[in-house]
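I have placed the structure first, in the form of structure tokens, so that the comments after it can refer back to it.
The values are calculated or read from the model by the stated rules, or taken from the named source; none is laboratory data. Everything numeric in this text was worked out from a predicted model, so none of it was measured. In this analysis, Cβ positions are derived from the backbone assuming ideal geometry, glycine residues included, and neighbour counts consider all displayed protein chains.
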Amino acid sequence: MQGQWKRFIALLLRDVLVIALTLAAWQAYLPHATASGSFIIALGIGVALLTLLVGYLVHEWGHLLGAWISQSVFELPATVIETFFLFRFDSHRNSRAQFFTMALGGFASSIFMVALLVVLLPRSVLAGQIALALTAAGVLATFIIEVPEFMRVLRGAPIPNGAAFIQSKDQLPRA
């Protein structure tokens, strides 16, 4: 259990650093955002990509919070760069209600993040425009990838067992 907490803290610190780096990049970019030149364009694209990464991380932390609230069984990666996902949900040991809570946590955090970005991002500068376009693409990806899975389970299908889920078949039966 202590190892799990250490990994949790390491992931939290990693993501807080990503957020701090993103905020610092915005502060460096905004005073020069209306200037021209390839460096400013590259910086704007980089800032927009960092903003997209923060949105993705918030989405993943929402899923993790939902899993934690529902007392789901999940595993954190061994290292902070092991996987694209923040954690892996145990589809064999968790109930449907736990799956729904985990999934809704990601959806709710995405709605919060989209609203925050729409309010805060400057639409008059390249980085803001790109970040909003990437945010829209992220929302579309969620609708294409996650919402259909959620709806299938809601209609009675089994909990999925894709890349974000623990693959082992020798798990205990679902509660």
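Below, the figures for the structure above:
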{"quantity": "Of the criteria (1) without any contact (Cβ under 8 Å) to a residue 40 or more places away in the chain; (2) part of a loop (DSSP other than H, G, I, E, B), which one residue 136 fails", "calculated": "(2)"}
{"quantity": "Single residue of 122, 148, 160 found to be out of contact with any Leu (no Cβ under 8 Å at 6 or more places or on another chain) and outside any helix (DSSP H, G or I)", "calculated": "160"}
{"quantity": "Any chance residue 155 is modelled with pLDDT of 95 or more and either more than 25 Å from residue 46 (Cα to Cα) or in contact with a His (Cβ under 6 Å, 6 or more places away or on another chain) (or both)", "calculated": "yes"}
{"quantity": "Residues located in region 79-115, provided they are of a type in the set (Phe, Trp, Tyr) and part of a helix (DSSP H, G or I)", "calculated": "99, 100, 107, 112"}
{"quantity": "Some residue of region 29-37 being assigned to a helix (DSSP H, G or I), without any contact (Cβ under 8 Å) to a residue 60 or more places away in the chain and either of a type in the set (A, V, I, L, M) or within 21 Å of residue 161 (Cα to Cα) (or both)", "calculated": "no"}
